[in-house]
Amino acid sequence: MSGVAVGVAGAFGVCESITRAQARNFYYGIRLLPGDKRAALCAVYALARRIDDIGDGDLPRADKLAALAGLRCSLADLDHPGDDPVLTAVADLAARLPLPPGAFDELIAGVQMDVLGRRYADFDELVGYCRCVAGSVGRLCLAVFGSRPDPRAPEYADALGIALQQINILRDIREDFNNGRVYLPQHDLDRFGVQLIRDDQGTLVDADGRLSALIRHNAQRARQWYEHGQRLIPLLDWRSAACCGAMSGIYLRLLDRIAQQPSVVFDQRLSLSGWQKAEVAMRAFTGLPA
């Protein structure tokens, strides 16, 4: 038994190392958790990161789809995680926590949409995608946090994840477009008369201001989802609330900047500095708004 325990502890250590190195925004909140919940959330992040990395990697499309299918099979057989530290940690979580059924399948399905280059006709279709790639993560986080009894807690966690993904989409319009991906719903593009165009440097062109108007509209919609999702925070214990508030607060600051000046995303990937993220985390830890 001691060998198994050491193996599991080492697996969580690997997950925490992955999270510390790669979670540019989320680790500012995750580190506010007590040790057991921090380790659990790092395991969730490490697996989600693996799934994302398959979708964003350099493999041919068929190989990406095969890798995602293989990972889905592995997750369906967590009683036998082998020597994979991330799967070992997730298997331990699944045995101890009420992880939402199908959440990892949803995440894989969302990344498959990315691999296949799916476009979204309207906002409802985009919400379906966001629910897969981010709402699922919100519900997994809720399983780690725990909450006061409230039947709507999963709904709030889902909404907050969807909100953060909408912010991601607005932040990454240029990068995604240059990589052949468009997440803005076609209905919105048509409504605002927007055709995405870039110049020779890959900068988005907005000569008539229509793209800026579309971004402001979508930013307001993301804010409404964000505010709905924030109803989760009073249901959490204070350390989990601080973690959730820090992670979401960083994205709220990005949203504020995008809504105020949409052109900031035309030629760069918008981000906060390390000290700005640390400030948001500290405010969340002390119960102050972002």
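Coordinate-derived values only; no laboratory data. Values in this document were obtained by computation on a predicted structure and should not be read as measured data. Cβ atoms come from the backbone with ideal geometry, glycine included; neighbour counts cover every protein chain shown.
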## Note on the structure
By residue number, the members of the range 115-130 that are under 15 Å from the mean Cα position of the chain (by Cα), buried (at least 20 other Cβ atoms within 10 Å of the Cβ) and not hydrophobic (A, V, I, L, M, F, W, C) are TYR129
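Are there helices (runs of 4 or more DSSP H) fully within the range 1-83 with at least 1 residues that are within 22 Å of the chain's Cα centre (by Cα) and among the charged types (D, E, K, R)? List them.
Details: elements: 2-22, 27-30, 35-56, 61-75.
Once the helices (runs of 4 or more DSSP H) in the range 1-83 are filtered for at least 1 residues that are within 22 Å of the chain's Cα centre (by Cα) and among the charged types (D, E, K, R), what remains is 2-22, 35-56, 61-75.
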### Query
Of the residues in the range 65-108, how many are farther than 16 Å from ILE51 by Cβ, loosely packed, with under 15 Cβ neighbours inside 10 Å and of a type in the set (D, E, K, R)?
4
### Query
Pick from ALA62, ALA21: which is small (Gly, Ala, Ser) and farther than 14 Å from VAL115 by Cβ?
ALA21
### Message
Tell me the residue from ASP158, ASP200, ASP176, ASP256 that is free of Cβ contacts under 8 Å to residues at least 12 places away in the same chain, surrounded by 15 or more Cβ atoms within 10 Å (Cβ to Cβ) and acidic (Asp, Glu), please.
### Response
ASP176
### Task
Those residues that are of a type in the set (Gly, Ala, Ser) and touching a helix residue (DSSP H, G or I) at 6+ places or on another chain (Cβ under 8 Å), I need them from the range 151-183; list them, please.
ALA153, ALA157, ALA159, GLY161, ALA163
### Message
Give all pairs with beta carbons closer than 7 Å in which a residue from the range 263-290 that is over 12 Å from ALA246 (Cβ atoms) meets a residue that is part of a helix (DSSP H, G or I) and of a type in the set (Asp, Glu); count only pairs at least 6 apart in sequence or on separate chains.
### Response
ARG269/GLU175
### Task
Please specify each residue of the range 206-223 satisfying the condition of being without any contact (Cβ under 8 Å) to a residue 40 or more places away in the chain and surrounded by fewer than 16 Cβ atoms within 10 Å (Cβ to Cβ).
ALA207, ASP208, GLY209, ARG210, HIS217, GLN220
### Query
Scanning the range 1-41 for residues that are of a type outside the set (Ser, Thr, Tyr), free of Cβ contacts under 8 Å to residues at least 40 places away in the same chain and within 24 Å of CYS130 (Cβ to Cβ), which turns out surrounded by the fewest Cβ atoms within 10 Å (Cβ to Cβ)?
GLN22
